[in-house]
1. Under 6 Å by Cβ, and 6 or more places apart or on different chains, what pairs join a residue from segment 168-190 that is part of a loop (DSSP other than H, G, I, E, B) and charged (D, E, K, R) with one that is modelled with pLDDT of 95 or more and surrounded by fewer than 20 Cβ atoms within 10 Å (Cβ to Cβ)?
2. Return the pairs, sorted by first residue and then second, in which the second residue is open to solvent by 30 Å² or more (accessible area, probe 1.4 Å) and charged (D, E, K, R), the first residue lies in segment 119-138 and is on the phi > 0 side of the Ramachandran plot and in contact (Cβ under 8 Å) with a residue 12 or more places away in the chain, the beta carbons are less than 9 Å apart, and the residues are 6+ apart or on different chains.
3. Consider segment 198-228. How many of its residues are outside any helix (DSSP H, G or I) and basic (Lys, Arg)?
4. Search segment 55-104 for residues being open to solvent by 30 Å² or more (accessible area, probe 1.4 Å) and in contact with a helix residue (DSSP H, G or I) (Cβ under 7 Å, 6 or more places away or on another chain), and hand back the single one that is farthest from Tyr42 (Cα to Cα).
5. For segment 209-228, give me each residue that is surrounded by fewer than 20 Cβ atoms within 10 Å (Cβ to Cβ) and within 18 Å of Arg180 (Cα to Cα).
6. Residues being open to solvent by less than 10 Å² (accessible area, probe 1.4 Å) and either in a helix (DSSP H, G or I) or within 27 Å of His89 (Cβ to Cβ) (or both): count how many of those fall in segment 12-40.
7. Going by the structure shown, is Asn3 within 17 Å of Leu154 (Cβ to Cβ), in contact (Cβ under 8 Å) with a residue 12 or more places away in the chain and open to solvent by 50 Å² or more (accessible area, probe 1.4 Å)?
Amino acid sequence: MRNAFSSSLLQLAESDKRVLLLTGDHGYALFDDFRNRCPQQYINAGIAEQNMIGMAAGLSKAGYIPVVYGLSSFVPIRVLEQIKLDLSHDNLHAIIIGDGAGFVYSHLGTSHQSTEDIAATRAIPNLNIYSPSDRHELTLCMEHAYRSKATTYLRIGKSDLGDVHHAPLSGTLASFFAVRNGTPGEISFIATGAMTKTAIKIAESFFPNATVWSAPKIKPLDVDQLVTICKSSNIIVTFEEHSTQGGLGSMIAEISTTYAPIKILRVGVEDCFTKLCGSYSYLLQEQGLDITSIQEKITTFLKSPPQ
């Protein structure tokens with residue numbers, strides 16, 4: 001997905017000289033082509049993320065379209081107040097990129113792991129939140145963020161897990177895309193980011209009746225589309241490489257409780273920090289987000305009596 005982001009950003013910048021890239025001293029190799037082809041549209045703001053958001057706000061007010069890049073543990077987490085007051089409060093057009101969401105930077109420990117960014121940002125007014133599951137969704141998210149003229153946070157997770165769509169996407173950015181068709185009236189999996197690929201694998205191996213939905217547009221969420229999914233399912237399981245507190249699963253539970261009550265299992269990071277450093281796959285296993293652990297959770301949940 002990172003390469004798709006770099007390619008999409010370069011296309012936007014070459015077609016519109018108002019598009020500026022601001023980076024907090026990250027992503028040098030990722031932006032080699034951008035710096036060579038659009039050197040006047042590249043700003044390294046240094047390790048000063050809060051100042052970088054202030055710069056983006058000023059540039060946006062001056063008519064530019066700033067794309068602010070950083071690691072998601074710092075952008076948006078370290079700069080939450082600046083996003084709220086400098087950008088969202090004035091409804092400025094800016095695209096905030098949080099790379100490495102979830103456990104991507106696993107060996108660097110809790111300081112570089114980002115499992116709370118959706119929860120932290122979704123309560124801020126005027127802030128759109130996108131969480132693409134593959135390169136095709138990311139490209140569509142970038143196009144919509146560019147055209148929306150709003151403040152947008154785009155979350156990028158693990159980049160090398162493979163596509164969930166078979167071809168590029170065009171048109172409207174939906175809150176939910178069906179990426180695997182199951183049996184109507186049965187179980188529905190709703191996943192976002194890197195966990196969408198995991199949801200597909202679990203459905204194919206263990207729950208052949210499950211329909212799998214990818215959720216790239218977290219906010220604003222299409223409530224009508226979600227209600228339709230709830231009413232056409234008997235159980236929903238949500239998947240996210242994010243805390244179960246305040247993320248995708250929480251949002252779906254909040255909406256379904258009001259409009260279409262249904263039994264929901266939220267699969268994500270429980271209310272805890274990681275215990276040890278290790279590889280990406282190790283941390284998924286530690287947090288119960290590997291295929292075997294999730295399959296066992298769902299099986300147990302399906303056997304539990306209705307509340």
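1. Glu186/Asn209
2. Here the result reads Asn126/Asp90, each pair linking segment 119-138 to a residue that is open to solvent by 30 Å² or more (accessible area, probe 1.4 Å) and charged (D, E, K, R).
3. 2
4. Taking the candidates together, the pick is Val104.
5. Across segment 209-228, the qualifying residues are Asn209, Gln225, Thr228.
6. Looking only at that region, the number is 8.
7. Judged against the criteria, Asn3 is a match.
Here is a yes/no grid of residues against (1) at pLDDT 95 or above; (2) part of a strand (DSSP E or B):
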residue	(1), (2)
Leu10	yes, no
Asn51	yes, no
Ser60	yes, no
Pro66	yes, yes
Ser73	no, no
Lys84	yes, no
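The values are calculated or read from the model by the stated rules, or taken from the named source; none is laboratory data. Just so you know, these numbers come straight off a predicted model, no measurement behind them. With ideal geometry, Cβ positions are generated from the backbone for all residues, glycine too; neighbour counts draw on all protein chains shown. These area figures cover heavy atoms from the full protein model, side chains too; ligands, DNA and RNA do not enter into them. Shrake-Rupley method; radii C 1.70, N 1.55, O 1.52, S 1.80 Å.
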